[in-house]
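Encoded as structure tokens, the structure appears first; notes follow it.
The values are calculated or read from the model by the stated rules, or taken from the named source; none is laboratory data. It should be emphasised that the depicted structure is a prediction, and the values quoted were computed from it without experimental measurement. Every residue, glycine among them, receives a Cβ derived from its backbone with ideal geometry; neighbour counts consider all protein chains shown.
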Protein chains: 2
Amino acid sequence: MQAELINPFIKSTINVLSTMCAINPTPGKPSLKGDKKTWGIVTGIIGLAGPSVMGNMMISFDTDGVLKVVGNLLSEQYTEITQDVIDAVGEITNMITGGAKKDLSEIGMMIEMATPMVMIGSGVEISQLASAPILTVPFSFQEGAFVVEASLSQRK
Amino acid sequence: MQAELINPFIKSTINVLSTMCAINPTPGKPSLKGDKKTWGIVTGIIGLAGPSVMGNMMISFDTDGVLKVVGNLLSEQYTEITQDVIDAVGEITNMITGGAKKDLSEIGMMIEMATPMVMIGSGVEISQLASAPILTVPFSFQEGAFVVEASLSQRK
């Protein structure tokens with residue numbers, strides 16, 4: 001169940017970044033998230049809600065990573081985190097989750113997506129009131145790094 | 001549409017706090033959220049996702065407010081924000097949204113709820129990639145204060 005859950009997000013992350021941003025990130029080993037803090041400086045967050053499951057997906061970028069990913073997406077060069085960069089992280093969060101949603105539906109986990117949010121700040125404490133663990137996958141590419149985190153719990 | 005959206009959250013907030021916490025908060029005037037920052041020190045956040053609408057709801061407490069609300073909910077006295085307090089804010093976020101969900105469904109806005117999150121820190125910057133404005137309502141009671149914020153956008 002847990003690999004089934006995270007694999008669609010890994011696949012969709014690679015797909016979105018390679019097709020939209022010309023970046024081929026290398027995923028590391030998935031693990032259980034061990035703290036409650038944001039990993040990077042810019043974190044896209046999206047609520048996942050279906051009739052039988054609920055959760056959240058987050059993608060958290062370091063500064064170099066987000067400037068390169070968004071710069072490639074928008075064909076611009078960014079040297080700081082502007083509102084355009086923040087909005088683009090929301091779009092990327094949405095696109096990755098949209099891709100994962102399709103694969104999740106094929107294994108019976110139907111979800112709709114909430115409005116993406118983008119939070120600024122590393123080490124910001126965020127708890128989730130989830131019965132399932134949060135899975136986290138580190139990604140790296142030449143210019144930067146990010147992590148993808150996802151959790152889906154059965155509704156009671 | 002915007003009053004229709006926020007009224008179920010105001011009603012449910014008063015209902016949950018009065019029945020579960022023996023607190024009768026007074027709502028102030030709803031307005032459009034003018035910045036992108038968390039208002040209080042502890043903020044419950046929940047994604048809202050339905051077939052035709054999507055959004056987020058947040059409830060952000062000052063320190064005195066959260067200690068009193070959660071203390072009353074759990075029949076304990078808290079002097080600091082413990083993990084129990086944080087978890088209880090997640091539950092309160094869930095209960096308020098659950099109440100609003102019912103009223104929203106009666107005006108044709110069907111939503112499911114994502115897993116509640118609770119963030120620590122006032123003035124944390126959070127942007128939402130929403131086409132609709134975020135409505136914010138201040139609440140006060142004898143021992144503290146909080147704000148409720150909600151936004152629901154039509155899916156494109």
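Assorted remarks:
- B:E76 acidic (D, E) and under 25 Å from A:M110 (Cβ atoms): no
- Options B:T115, B:T136: the member that is under 23 Å from B:M20 (Cβ atoms), part of a loop (DSSP other than H, G, I, E, B) and under 15 Å from the mean Cα position of the chain (by Cα): B:T115
- Any chance B:G55 is away from every other protein chain (no Cβ under 11 Å) and either closer than 23 Å to B:V124 by Cα or in a helix (DSSP H, G or I) (or both): no
- Positions within region A:14-52 being within 27 Å of B:I46 (Cα to Cα), of a type in the set (A, V, I, L, M) and assigned to a loop (DSSP other than H, G, I, E, B), in sequence order: A:I41
- Boolean, B:E125 is at pLDDT 95 or above and either charged (D, E, K, R) or surrounded by fewer than 20 Cβ atoms within 10 Å (Cβ to Cβ) (or both): yes
- Here B:L73 passes the criteria (1) more than 10 Å from chain A (Cβ to nearest Cβ); (2) in contact with a Gly (Cβ under 8 Å, 6 or more places away or on another chain) except the one numbered (2).
Residue-wise test of (1) out of contact with any helix residue (DSSP H, G or I) (no Cβ under 7 Å at 6 or more places or on another chain); (2) more than 12 Å from every other protein chain (Cβ to nearest Cβ).
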residue	(1), (2)
A:W39	yes, yes
A:V69	no, yes
A:I81	no, no
A:G98	yes, no
A:L104	no, yes
A:M113	no, no
A:M119	yes, no
A:A130	yes, no
A:P138	yes, yes
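Per-residue answers, yes or no, for (1) without any contact (Cβ under 8 Å) to a residue 24 or more places away in the chain; (2) surrounded by 13 or more Cβ atoms within 10 Å (Cβ to Cβ); (3) outside any helix (DSSP H, G or I):
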{"site": "B:N72", "(1), (2), (3)": "no, yes, no"}
{"site": "B:Q77", "(1), (2), (3)": "yes, no, yes"}
{"site": "B:D87", "(1), (2), (3)": "no, yes, no"}
{"site": "B:I92", "(1), (2), (3)": "no, yes, no"}
{"site": "B:A100", "(1), (2), (3)": "no, yes, no"}
{"site": "B:M109", "(1), (2), (3)": "no, yes, yes"}
